[in-house]
Amino acid sequence: RKEVEQDPGPFNVPEGATVAFNCTYSNSASQSFFWYRQDCRKEPKLLMSVYSSGNEDGRFTAQLNRASQYISLLIRDSKLSDSATYLCVVNSAKGNTGKLIFGQGTTLQVKP
Amino acid sequence: DTAVSQTPKYLVTQMGNDKSIKCEQNLGHDTMYWYKQDSKKFLKIMFSYNNKELIINETVPNRFSPKSPDKAHLNLHINSLELGDSAVYFCASSQDLRGYVNTEAFFGQGTRLTVV
């Protein structure tokens, strides 16, 4: 089983739609959680951190459920510029090391 | 000013050759990484260095040898290149993940390696 699992998609949605991505992680000792965005042929960049209480940044809302080991990202009012791959990322602590484990990514294509 | 810069951006080479990819960060971070992104877009960590010390080595063939001359640089040398080494290699840096729970990792633009 992969340490971080995501549905690779693609998700094809019209502009203005609301779309949700889910992610599960296997290491219950994981300390921190993130969503990164990767545009085609570019490097990943941090979109937002994910907190237990849930957090919002404009049209983006992230949720964490530690009991279910589940992370979500909700995008409201999708824009064409939201088209990208969204990577679920977990800081998976083992012993005295921390490392970022990436999910496979979920591809979003927003169409006019 | 590029925060994490790696060179070259593209690398096409023949099987059996030896090649190096260089990475430098100007963010003052303690920790640097090499990730490999294969054709299925999976980003997998290869190595992690903290203050020039190797702290993560993820079952990578010993043909891959990272070298960190100082904490701002982490180079990757690959010996005897194989077809399966073709991928995009990303360098990244962050504060020490052990101490900073919500630290962000910054990535270089990637090196697209093609072995023919």
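The values are calculated or read from the model by the stated rules, or taken from the named source; none is laboratory data. What you see is a predicted model, and the numbers here were worked out from it, not measured in a lab. Here Cβ is always computed from backbone atoms with ideal geometry, including for glycine, and neighbour counts include all displayed protein chains.
Residue-by-condition table, conditions (1) within 28 Å of A:Pro8 (Cβ to Cβ); (2) modelled with pLDDT under 90; (3) among the hydrophobic types (A, V, I, L, M, F, W, C); (4) touching a strand residue (DSSP E or B) at 6+ places or on another chain (Cβ under 8 Å):
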{"position": "B:Gln6", "(1), (2), (3), (4)": "yes, no, no, yes"}
{"position": "B:Thr13", "(1), (2), (3), (4)": "no, no, no, yes"}
{"position": "B:Leu27", "(1), (2), (3), (4)": "no, no, yes, yes"}
{"position": "B:Lys40", "(1), (2), (3), (4)": "yes, yes, no, no"}
{"position": "B:Phe47", "(1), (2), (3), (4)": "yes, no, yes, yes"}
{"position": "B:Ile55", "(1), (2), (3), (4)": "no, yes, yes, yes"}
Review point. If A:Lys45 passes every condition in (1) surrounded by fewer than 17 Cβ atoms within 10 Å (Cβ to Cβ); (2) closer than 23 Å to B:Phe47 by Cα; (3) in contact with a Ser or Thr (Cβ under 8 Å, 6 or more places away or on another chain); (4) modelled with pLDDT of 95 or more but one, which one does it miss?
Key: (3)
**Study point:** Evaluation of A:Tyr25 against (1) surrounded by 21 or more Cβ atoms within 10 Å (Cβ to Cβ); (2) touching a Phe, Trp or Tyr at 6+ places or on another chain (Cβ under 7 Å) (one fails), failing number
**Key:** (2)
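Table: residues versus (1) part of a loop (DSSP other than H, G, I, E, B); (2) within 14 Å of another protein chain (Cβ to nearest Cβ); (3) among the small types (Gly, Ala, Ser).
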| position | (1), (2), (3) |
| --- | --- |
| A:Ser28 | yes, no, yes |
| A:Arg37 | no, yes, no |
| A:Leu46 | no, yes, no |
| A:Leu73 | no, no, no |
| A:Val89 | no, yes, no |
| A:Gln109 | no, no, no |
Practice item. Would you check if A:Gly54 is within 14 Å of the chain's Cα centre (by Cα) and at positive phi? Key: yes
Review point. Give me the pairs: first residue in region B:20-38 and in a loop (DSSP other than H, G, I, E, B), second residue basic (Lys, Arg), beta-carbon distance under 9 Å, and six or more apart or on different chains, which are they?
Key: B:Gly28/B:Lys71; B:His29/B:Lys71; B:Asp30/B:Lys71; B:Asp38/B:Lys44
Practice item. Evaluate the following for B:Ile56: is it more than 19 Å from A:Lys42 (Cα to Cα), buried (at least 18 other Cβ atoms within 10 Å of the Cβ), more than 9 Å from chain A (Cβ to nearest Cβ) and of a type outside the set (S, T, N, Q)? Key: no
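Which one of these is at positive phi, free of Cβ contacts under 8 Å to residues at least 12 places away in the same chain, among the β-branched types (Val, Ile, Thr) and in a loop (DSSP other than H, G, I, E, B): B:Thr103, B:Thr59?
B:Thr59
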Practice item. Of the numbered conditions (1) modelled with pLDDT under 95; (2) out of contact with any Leu (no Cβ under 7 Å at 6 or more places or on another chain), A:Asn91 fails exactly one; give the number of that condition. Key: (2)
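Working carefully through the options A:Thr24, A:Thr85, A:Thr18, find the one that is in contact (Cβ under 8 Å) with a residue 40 or more places away in the chain, of a type in the set (Ser, Thr, Tyr) and within 14 Å of another protein chain (Cβ to nearest Cβ).
On the way: A:Thr24 fails: within 14 Å of another protein chain (Cβ to nearest Cβ); A:Thr18 fails: within 14 Å of another protein chain (Cβ to nearest Cβ).
One residue alone meets the criteria, A:Thr85.
For (1) within 22 Å of A:Phe102 (Cα to Cα); (2) touching an Asp or Glu at 6+ places or on another chain (Cβ under 7 Å); (3) among the aliphatic types (A, V, I, L, M), each residue gets a yes or a no:
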position	(1), (2), (3)
B:Val12	no, no, yes
B:Asn17	no, no, no
B:Asp38	yes, no, no
B:Leu43	yes, no, yes
B:Lys67	no, no, no
B:Asp70	no, no, no
B:Gly84	yes, no, no
